[in-house]
1. To make sure I understand, if each residue's beta carbon is the centre and we count other beta carbons within 10 Å, what order do D148, D6 fall in, fewest to most?
2. Once phi is turned into θ = phi - 60°, what whole-Hz ³J(HN,Hα) does the Karplus curve with 6.51, -1.76 and 1.60 give for every residue of the range 136-147, x standing for Gly and Pro?
3. Quickly work out the H151-to-S119 label distance, labels modelled 7 Å from Cα along the C-beta direction, and quote it in nm with one decimal.
4. With contacts defined as alpha carbon pairs under 8 Å and 6 or more residues apart, what's the relative contact order of the chain in percent?
5. Check which residues have an amide H placed less than 5 Å from I140's amide H, if you skip close sequence neighbours.
6. I need the helices of the chain that pass two filters: whole DSSP H segments spanning 20 Å or more by Cα along the axis, and mean Kyte-Doolittle score no lower than -1.0.
7. With runs of 4+ DSSP H residues as the only contributors, calculate the mean residue ellipticity of the chain at 222 nm using -39,500 (n - 2.57) per run, divided by the residue total and rounded to the nearest 500.
8. Using a Cα distance threshold of under 25 Å, what count of lysine pairs results for the chain when pairs must be 8 or more residues apart or interchain?
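Every number in this text was worked out from the coordinates using simple rules, so none of it is lab data. Remember, it's a predicted structure, so these values are computed and weren't measured experimentally. All Cβ positions, glycine included, derive from the backbone under ideal geometry; neighbour counts span all protein chains shown.
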Amino acid sequence: MAEKIDISLLLDNMVERINSHCDTRALKNPLMIGIQRGGVWIASQLHRKLALKDPLGELNIAFYRDDFSKIGIHPEVRPSKLSTNLNDRHVILVDDVLHTGRTIRAAMNEIFDYGRPASIILAILIERSGRELPVHANIIGKTITLKDGEHVKLSGPEPLALEIKKTG
């Protein structure tokens with residue numbers, strides 16, 4: 001049996017935390033970027049709820065990954081979409097699940113190919129154990145511990161649904 005997680009509640013909590021984080025650091029007009037696919041789905045919801053001015057950016061990190069031999073190249077390689085200069089901007093980088101940290105490392109490598117942001121705030125819907133790189137999220141929707149044979153599955157974009165499922 002799969003455990004369902006209320007994404008709407010997690011997103012509302014993330015919006016509050018993002019607003020608080022930006023207010024505390026006096027960040028005006030941050031730029032939001034989602035990592036394709038699930039991160040863009042989450043970022044789209046957050047972007048709308050936060051009423052951010054600049055268009056939502058999208059990163060496709062397929063060619064920045066360091067684990068092709070394990071996962072292969074994603075068959076739907078789409079271009080990244082960043083419509084504004086990143087230099088000296090405060091960026092909110094959004095992804096669905098933070099696990100090993102390798103996706104975030106790849107995303108940051110690509111971001112720096114586009115410019116040098118003033119800061120990067122990492123917002124994650126789900127944080128789980130298994131970090132291989134020293135990556136820490138600033139905004140976390142929910143932290144979970146999975147049992148052996150379980151994984152997190154985000155489906156969407158409409159409606160967004162998140163489940164913890166048994167493998168196999």
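1. D148, D6
2. 10, 7, 7, 10, 10, x, 7, 9, 10, 10, 9, 7
3. Roughly 3.5 nm, to one decimal.
4. Rounded, it is 26 percent for the chain.
5. The list, which skips near neighbours in sequence, is I124.
6. Membrane-span-like by this criterion, though nothing is claimed about a membrane: 7-24.
7. Roughly -9000 deg cm²/dmol at 222 nm, from the helical runs in the chain.
8. 25
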